[in-house]
Amino acid sequence: MKLLGRTWALAATLALTLITTGHAADTIRLAVQKTGTFSWELATIRGAGLDKEADLSLEVSELASPEAGKIALRAGNADIMLSDWLWVSRERALGAKLTFYPYSSALGAVMVQASSPIKTLADLKGRKLAVGGGPIDKSWLLLQARMKQDGIDLKSEATIVYGAPPLIAAKALDGEMDASLNFWNFCAQLEAKGFRRLAGIEEILPKLGAKGAVSAVGYVFDESWAASHRDAVARFIAMTRKSKQLLVTSDAAWDKIAPLTGTTDPVLLKTYRDRYRDGIPRRSITDEEADARILYRVLAEIGGRDLVGPASELDPGTFYHAGGGD
């Protein structure tokens with residue numbers, strides 16, 4: 001009987017040990033654009049061990065474009081990707097219950113050469129303006145809305161050229177247009193080459209009714225998945241906040257991710273760092289959502305159904321409220 005008792009005790013100890021040591025971290029599948037800034041954040045997370053601290057296993061699928069990420073998410077092959085709240089609201093109106101949590105408020109800017117005679121946005125009238133993206137690029141629509149407040153219809157009163165963001169940046173460097181409107185990272189490249197920021201899109205938002213910086217891009221996931229993984233989502237959000245704080249306070253953390261930026265130019269690296277830091281969200285979800293609702297109406301009016309789909313208002317569930325002050 002004593003032997004049997006010892007055997008049972010040993011078995012119980014082994015079972016407890018296996019349960020304890022065999023605990024698996026929660027897995028989150030991420031769809032990440034290979035050349036995007038999300039890869040910078042993930043490298044920081046892993047380098048600092050923040051994923052292990054959060055008890056999360058991050059499975060990363062590197063994709064070639066944002067569209068590939070959208071396909072992976074909608075097909076159930078990824079749990080989280082980066083996109084914008086406008087797309088999320090549109091998808092919700094079409095029946096896909098996605099939701100959005102802020103990642104970055106970094107927006108593009110109108111850039112001109114340092115010696116350009118263009119001094120204000122009104123000076124774009126009659127000029128050649130290149131737009132990174134297409135006719136329904138959000139920054140372009142917001143710029144149009146702002147200029148219409150001053151009685152200027154840029155779409156008809158300037159020569160507009162559309163193109164892929166890298167191409168627009170290259171053409172700007174060649175001096176083939178008077179000004180360009182592009183994504184923030186391409187604007188940073190021009191800034192490092194001596195170009196001047198005529199106006200950042202974030203600077204015109206107050207004129208359109210926003211009270212502060214609004215996140216342009218966020219983590220997007222299915223709300224039913226979030227409901228069944230609420231604790232893991234909370235730990236994911238807390239983990240990403242810690243990584244952003246590290247990138248705000250530590251230049252050494254930037255040195256570690258420098259190879260991912262695609263440049264060794266110290267001026268450009270500093271510009272990337274400064275603009276990335278400027279875009280880190282610092283407001284409550286409630287405030288972000290309120291401003292997004294205002295800007296949605298502006299975009300819906302100027303972009304129409306091609307941009308927002310059937311809904312004239314931001315869908316109420318677009319922003320994810322994590323609780324605990326968000």
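Coordinate-derived values only; no laboratory data. All figures in this text were calculated on a predicted structure; none of them were measured in a lab. Glycine also receives a Cβ, built like all others from the backbone with ideal geometry; neighbour counts cover every protein chain displayed.
How much net charge surrounds GLU313 when only other residues with a Cβ under 10 Å from its Cβ are counted (Lys, Arg +1; Asp, Glu -1)?
On the way: positive: ARG293, ARG297; negative: ASP315.
Summing Lys/Arg as +1 and Asp/Glu as -1 gives +1.
Out of the DSSP beta bridges found with both residues in segment 109-208, what percent are antiparallel (nearest 5)? Kindly include the intermediate steps, with their values, before the conclusion.
Values: 7 of 15 bridges.
The antiparallel proportion sits near 45 percent.
Based on the Kirkwood radius over alpha-carbon pairs, what is the Stokes-Einstein translational diffusion coefficient of segment 86-152 at 25 °C with 0.890 mPa s viscosity, in µm²/s?
On the way: Rh = 14.7 Å.
Rounded to a whole number, D works out at 167 µm²/s.
Where the centroid of each part is defined by its Cα atoms, how far is segment 250-313 from segment 148-207 in Å?
If you average the Cα positions of each part, the centres end up 16 Å apart.
Once the other residues with Cβ under 11 Å from the Cβ of THR159 are scored (Lys, Arg +1; Asp, Glu -1), what is the net sum? Provide the component values of the computation, followed by the final result.
Working: positive: LYS125, ARG127, LYS128, LYS155; negative: GLU157, ASP178.
In short, +2.
Bins of 20 Å, beginning at zero and ending with the bin holding the largest distance: percent of Cα pairs per bin for the chain, please.
That works out to 29, 54, 13, 4, 1, in percent per bin.
Hey, for a label at ALA164 modelled as a point 7 Å past Cα toward Cβ, could you say which residues of segment 62-99 have their backbone N under 15 Å away?
64-68
What is the extension gain from GLU67 to LYS97, computed as 0.36 nm multiplied by their sequence separation minus the C-alpha to C-alpha distance, in nm to one decimal?
Going from the current span to full extension adds 9.0 nm.
Would you compute, from DSSP H runs of 4+ residues alone, the mean residue ellipticity of the chain at 222 nm, taking -39500 (n - 2.57) per run and dividing by the full residue count, rounded to the nearest 500? Show your work: numbers first, answer last.
Values: 16 runs with 158 residues, N = 326.
Only helices count here, giving -14000 deg cm²/dmol.
For segment 149-160, take each phi angle, set θ = phi - 60°, evaluate the Karplus expression 6.51 cos²θ - 1.76 cosθ + 1.60, and give the result in whole Hz per residue in order, putting x for glycine and proline.
4, 9, x, 10, 9, 4, 4, 9, 9, 9, 8, 9
Evaluate the distance, in nm, between pseudo-label points positioned 7 Å from the Cα of GLU53 and of ARG277 along their respective Cα→Cβ axes.
A separation of 1.9 nm, rounded to one decimal place.
Take the Cα of ALA252, step 7 Å along the line toward its Cβ, and report every residue of segment 43-84 whose backbone nitrogen sits under 11 Å from that point.
Backbone N within reach: none found.
Exceeding 30 Å between C-alpha atoms, which entries from my cross-link table qualify? They are LYS119/LYS171; LYS171/LYS244; LYS125/LYS244; LYS97/LYS138; LYS119/LYS155.
On the way: LYS119/LYS171 20 Å; LYS171/LYS244 33 Å; LYS125/LYS244 39 Å; LYS97/LYS138 22 Å; LYS119/LYS155 19 Å.
Result: LYS171/LYS244; LYS125/LYS244 exceed 30 Å.
Please sort 195-202, 82-89 by packing, taking for each peptide the average over its residues of neighbouring beta carbons within 10 angstrom, highest first.
Numbers: 195-202: 19.5, 82-89: 22.6.
In descending order of packing, they fall as 82-89, 195-202.
Using θ = phi - 60° and the Karplus relation 6.51 cos²θ - 1.76 cosθ + 1.60, list the HN-Hα couplings for segment 219-225 in order, rounded to whole Hz, with x at every Gly or Pro.
6, 10, 8, 6, 5, 6, 5
Among DSSP beta bridges lying fully in the chain, give the percent that are antiparallel, nearest 5. Please list the in-between numbers first.
Values: 16 of 34 bridges.
Around 45 percent of the beta bridges assigned by DSSP in the chain are antiparallel ones.
Convert 37 °C to kelvin, take the viscosity as 0.692 mPa s, use the Kirkwood radius over C-alpha pairs of segment 208-290 as Rh, and evaluate the Stokes-Einstein diffusion coefficient in µm²/s, rounded to a whole number. Show your work: numbers first, answer last.
Details: Rh = 15.1 Å.
Once the numbers are plugged in, D ends up at 217 µm²/s.
Report the calculated FRET efficiency for ARG46 and SER228 (r = Cβ-Cβ distance, R0 = 25 Å), to the nearest 0.05.
Working: r = 26 Å, r/R0 = 1.02.
Efficiency at R0 = 25 Å is approximately 0.45.
For segment 109-208, what does the alpha-carbon gyration tensor say about shape, rounded, prolate or oblate, given a ≥ b ≥ c as the root eigenvalues, a/c under 1.5 as rounded, and a/b over b/c as prolate?
Working: a/c = 1.40, a/b = 1.37, b/c = 1.03.
Here segment 109-208 falls in the rounded category.
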